[in-house]
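Read through the structure below, which is laid out as structure tokens, and then see the notes.
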Amino acid sequence: MSDKNEDKYFAYSKMLKVLCEPKRLQIIDLLSCRDLCACEILEYFHISQPTLSSHMKKLEEANFVESRRDGKNIYYKLKEDSLKDVKNFIDEISSNTEDCICKTQE
């Protein structure tokens, strides 16, 4: 297997690892409705602000959300393209396609 393919699997595994936390999935669900400030997200959960910050940092690092500051508030926006990329990757590896790993082994 080429290094490029291994890099792809590694990158997506890191993204999927971020999604393996229920609160982060709930945050993504919330942000699918509209952009929200951190204080609005906190209203939905019984977690501390530092815990939310940790979740948001991981979601940003995985490129699932982006943030912007407006005065004292930080607003978060879902990056739908990243989620679509993950979905497409899952579809790709669960289908018998021309670039399937089984067809690259000779």
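The values are calculated or read from the model by the stated rules, or taken from the named source; none is laboratory data. The structure presented is a predicted model; accordingly, all values stated were derived computationally and were not measured. Cβ atoms come from the backbone with ideal geometry, glycine included; neighbour counts cover every protein chain shown. Keep in mind that these areas ignore ligands, DNA and RNA; they rest on the heavy atoms of the full protein, side chains included. Shrake-Rupley method; radii C 1.70, N 1.55, O 1.52, S 1.80 Å.
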> How many residues are among the hydrophobic types (A, V, I, L, M, F, W, C) and either open to solvent by less than 50 Å² (accessible area, probe 1.4 Å) or touching a His at 6+ places or on another chain (Cβ under 8 Å) (or both) if we restrict to the range 12-33?
Replying inline: 7
> Just checking, how many residues over the range 52-82 are open to solvent by less than 60 Å² (accessible area, probe 1.4 Å), free of Cβ contacts under 8 Å to residues at least 12 places away in the same chain and in contact with a Lys or Arg (Cβ under 9 Å, 6 or more places away or on another chain)?
Replying inline: 1
> So C100 fits all but one of (1) within 20 Å of the chain's Cα centre (by Cα); (2) open to solvent by less than 50 Å² (accessible area, probe 1.4 Å); (3) not acidic (D, E); what number is the exception?
Replying inline: (1)
> So which of S48, S82 is under 30 Å from E6 (Cα atoms) and among the polar types (S, T, N, Q)?
Replying inline: S82
> Could you count how many residues in the range 54-73 are more than 10 Å from the chain's Cα centre (by Cα) and more than 19 Å from D29 (Cβ to Cβ)?
Replying inline: 6
> Given (1) within 17 Å of the chain's Cα centre (by Cα); (2) open to solvent by less than 60 Å² (accessible area, probe 1.4 Å), where does D85 come up short, assuming only one miss?
Replying inline: (2)
> Among (1) surrounded by 11 or more Cβ atoms within 10 Å (Cβ to Cβ); (2) closer than 22 Å to A11 by Cβ, where does S95 come up short?
Replying inline: (1)
> Pairs, please: C-beta under 9 Å, at least 6 apart or cross-chain, first residue farther than 17 Å from L16 by Cβ and in the range 83-106, second modelled with pLDDT of 75 or more and open to solvent by 90 Å² or more (accessible area, probe 1.4 Å)?
Replying inline: C102/N96; K103/N96
